[in-house]
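Chemist: Let me give you the structure first, and then I'll get to my questions.
The values are calculated or read from the model by the stated rules, or taken from the named source; none is laboratory data. Note that the coordinates shown come from a computational prediction; the quantities given were computed from them, not determined experimentally. For neighbour counting, all protein chains shown are included, and Cβ atoms are generated from backbone atoms with ideal geometry for every residue, glycine included. The area values use the complete protein model at the heavy-atom level, side chains included, leaving out ligands, DNA and RNA. Shrake-Rupley method; radii C 1.70, N 1.55, O 1.52, S 1.80 Å.
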Amino acid sequence: MKLSAEQKERVEELLAQMTLEEKIGQMNLESPSIVGGFDVPFEELIEMMTDGRLSKEEFQKIMSTAQRDYHEDDIRAGMVGAMMADDPRKNNELQKIAVEESRLGIPMLTGFDVIHGLRTVYPIAIAEAGTFDPELFERTAHLAARESRAHGINWNFAPMIDVARDSRWGRVSEGPGEDPYLGSTFARAKIRGLQSDTSDTADYVAACLKHYVAYGACESGRDYNTTSMSVSQLHNVYLPTFKAAVEEGAATAMAAFNDLNGVPCTVNPYTLRTILKDLYGLPGFVVSDANGIKECVAHGIAEDEKDAGCQAVNAGLDMDMGTHIYKDHLKQAVEDGRVSMDVLDDAVRRILSVKMWLGLFENPYVPEDVIRLYEQSGLPEADVQTAREAAEKSIVLLKNENGILPLSRGQKISLVGTLAADAKEVCGAWAMSWKEEDCVSILDGLKKSGADLAYYPCGGPEGELNEEEIRRACADSDVIVAVVGELCSMSGEASSKADITLPGKQRELLEKLLASGKPVVTVLMNGRPLALGWEAEHLPVIVEAWHLGIEMGNAVANVLFGDVNPSGKLASSFPSVSGQCPMYYNHPSTGRPGSNSKFTSRYLDAPHEALYPFGHGLSYTTFAYEELHVEEQSDCLHVNVSVKNTGDHTGTETVQLYMQDVTASLVRPVKELRGFAKVELQPGEEKRVELTLKKAEMGFYDNQGQYVKEDGLFRIYVGGNSRDCLCEEIRVKF
Ligand code: NOJ
């Protein structure tokens, strides 16, 4: 986000004309309140739907019948800086009040949770990250930005870039997985997609980086729980995605709910001001998460709401989401001298700058013909195609014994599992604006692709099994395709789990299907890595299909029939049992690395390693790696390797480059991703793949938060996943 000198001047002129109340008004993010019968703020309703307290149908019913208070009088009085809503006509109507009826005519920002698409829903982030495809990350974000603008949304509460290593945390679904390098690549691409095409206001939105910071490190994977870590871990693991996104120009950020080393992120001057604004240079503003300021009272860090508000604004938190604490208390706080005008002006300047950069002063409304286009023609075909491509590329083949996959269209299939037919379950936890008519279930996708199939629901993530349906599914088929996993409401916000094995009676269902002696193809629909120890041991085929968005069914069908050769990789390690969490490949070296002997870092009752490690993902073909060469140059290492397609299908491999700093002044990870490249190979074809590792990226942050590069021995690994790699050692001088 960059402003011209003229735009900066206009911001200053405006600021000079504003009253104290009008300044505070800019710092207030409103959401429509539902009035009559259901008196909770809109944003809480959304949370209730997200965490499963309300079903999507109940939510939609409330929304269609309830009356809403859009705080028009407050808008008129200049007391609303931003609004949270997704209806284009309503957004135009409210914006008109702000522009034409408020004293200074300052347009509002309209913010919304467009995490992996609005109405066109793409795969959840943990799935999309596994494509290792920055061009795709950027494209889906750009299409989402355009779709948002067409709905009057100019500020997306995305990307969610929390590194997450504990799959008990339900929000692993929303982010790019466990690795800071992949996460940073994802973050940069998302910012480019959302923000870089600024020639027409229809093409870009302001991004909002969240949840800043270390939210993914919540203790025991329980949402909203405390986080504590060393300075070096914060800088090496949890900050890099945010740093990368700000370098790419990200406009705004959202403070996380958690406390970090005892200070809630909402009121943390070290993370908000010192790091995010002063060190990284965030050009826009920081918003709280919903009710975040008020929660500082419950954290026991603020005496009352006013105190929480003062601490937040002084720490660098510019906008209040979900409470009216700034609106109700900041004026008094300024008058009492607890908050200075400089602090306030800095916050308002940042907010106005984002509005100016978005072109809202010139183009505050969604053009009527754009609204009509969406109303009449549905989703643009190009967006749907991209949703399908993203879904296909996100699918990860975890296991494929005896070449059971791909299926052929002549085979008679029994399709099993309630999830298989449920078009409402394809979009994942943080998608709200999809329409069922756009969503393709696996059943529909298979039918459309010409499968010879019969469908037997048999059972799902909840409820009992239907024995008769199981009997029939087993009796009359050549192959059984079992779709099992989690409901969307089982991951996402406030959906942490202590047991991350397949929920309900689905394992029992799989056992019964296996007992038929028929080949069983298991397709997983889920929002988090599951503990699949039993499944990996007993099932011949496992396809990880996540929640893939509106095109899920078509994508799964194309992969099962081999029209698309799977190429997705895991952005997050899968454990065998839940008790292994947190589970991640890039853990610090221990003095006693886990092995079969007793006094090592291991479990008595479970493996110490991942079942399926970060970066794992099979193809219908196989790839062989040979002849790794590493050569030192003045500012980088040149790494090249030969990759050969040794099977009989054309396939795409993601070649992954890891490094290990073998001896350092701090304990370093056993491996760290530092690059990747995708290569498509015909059967029998071999290519040399070149990768570059910049020396500038071979260091680490120490416990003073300083980036250091230390001469010495490094190991360079290259392979198709984080476990199975070729290795070369090299001494490096910086
Ligand atoms: C709470 C969530 O933590 C955040 O991700 C979301 O953007 C806000 N609510 C607004 O819905």
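Chemist: Name the aspartates and glutamates eligible as straight-distance cross-link partners of K598: C-alpha to C-alpha under 17 Å, and not fewer than 8 places from it in the same chain.
Modeler: Cα-Cα hits under 17 Å: E609.
Chemist: Longer than 22 Å from Cα to Cα, which of K90/K355; K190/K277; K497/K569 are they? Say none if no pair is.
Modeler: Long pairs (Cα-Cα over 22 Å): K497/K569.
Chemist: Please arrange M27, M48 by accessible surface area, largest first, computed with a 1.4 Å probe and ligands excluded.
Modeler: Result of the area sort, largest leading: M48, M27.
Chemist: Oh, and also: What are the ³J(HN,Hα) values, in whole Hz, obtained from phi via the Karplus relation 6.51 cos²θ - 1.76 cosθ + 1.60 with θ = phi - 60°, for each residue of region 179-195 in sequence order, with x given for Gly and Pro?
Modeler: 10, x, 6, 4, x, 6, 4, 4, 4, 4, 5, 5, 5, 4, x, 7, 10
Chemist: Still on this structure, I have one more. If r is the Cβ-Cβ distance from N466 to E436 and R0 is 41 Å, what FRET efficiency results, to the nearest 0.05?
Modeler: Details: r = 24 Å, r/R0 = 0.59.
It comes out at approximately 0.95.
Chemist: Each label point is 7 Å from the Cα along the Cα-to-Cβ direction; what then is the distance between the points at T663 and N363, in nm?
Modeler: 5.9 nm
Chemist: Moving to a separate point now. Please compute the per residue accessible area over the chain with all protein chains in place, 1.4 Å probe, rounded to a whole number of Å².
Modeler: With all protein chains present, the chain gives 36 Å² per residue.
Chemist: On to the next question. Within the chain, what percent of beta bridges assigned by DSSP are antiparallel, to the nearest 5?
Modeler: Details: 55 of 93 bridges.
About 60 percent, rounded to the nearest 5.
Chemist: Apply the Karplus parameterisation 6.51 cos²θ - 1.76 cosθ + 1.60, with θ equal to phi minus 60°, to every residue of region 248-259 and state each ³J(HN,Hα) to the nearest whole Hz, in sequence, with x for glycine and proline.
Modeler: So the J values, rounded to whole Hz, are 7, x, 3, 7, 9, 9, 10, 6, 7, 6, 6, 8.
Chemist: For F285, what accessible surface area do you get with a 1.4 Å probe? Give it in Å², rounded to 10.
Modeler: So the heavy atoms of F285 present about 0 Å² to solvent.
Chemist: In terms of solvent-accessible area of protein heavy atoms at a 1.4 angstrom probe, what is the ranking of H616, H547, H638, highest value first?
Modeler: Descending accessible area places them as H638, H616, H547.
Chemist: I'd like the FRET efficiency for E375 and N596, computed as 1/(1 + (r/R0)^6) with the beta carbon distance as r and R0 of 56 Å, rounded to 0.05.
Modeler: The pair E375/N596 has a calculated efficiency of 0.30.
Chemist: May I ask you to evaluate 6.51 cos²θ - 1.76 cosθ + 1.60, the Karplus curve with θ = phi - 60°, for each residue of region 51-64 and list the ³J(HN,Hα) values in order in whole Hz, giving x for glycine and proline?
Modeler: Going residue by residue, I get 8, x, 5, 10, 7, 4, 5, 4, 4, 5, 5, 4, 5, 7 Hz, with x marking Gly and Pro.
Chemist: Please list 600-610, 134-144 highest first by mean number of surrounding beta-carbon atoms within 10 Å per residue.
Modeler: 134-144, 600-610
Chemist: OK, next. Does region 381-580 come out rounded, prolate or oblate by the C-alpha gyration tensor, with a ≥ b ≥ c the root eigenvalues, rounded set by a/c under 1.5 and, if not, prolate when a/b is larger than b/c and oblate if not?
Modeler: Rounded is the answer for region 381-580, as its axis ratio a/c remains below 1.5.
Chemist: What order, most packed first, do the peptides 197-203, 476-482, 398-404 have when packing is the mean number of other Cβ atoms within 10 Å of each residue?
Modeler: Peptide ranking by packing, descending: 476-482, 398-404, 197-203.
Chemist: State, to one decimal in nm, how far the label point of W534 lies from the label point of E58, with both points 7 Å from Cα in the Cβ direction.
Modeler: Spacing of the two 7 Å Cα→Cβ label points: 3.0 nm.
Chemist: Taking H as built 1.01 Å from N, whose amide H comes closer than 5 Å to the amide H of E685, not counting residues under 5 places away?
Modeler: Correct list: N645.
Chemist: What is the set of long-range amide H partners of R674 at a cut-off below 5 Å, with H atoms built 1.01 Å from backbone N?
Modeler: Distant-sequence amide H within range of R674: L657, Y658, M659.
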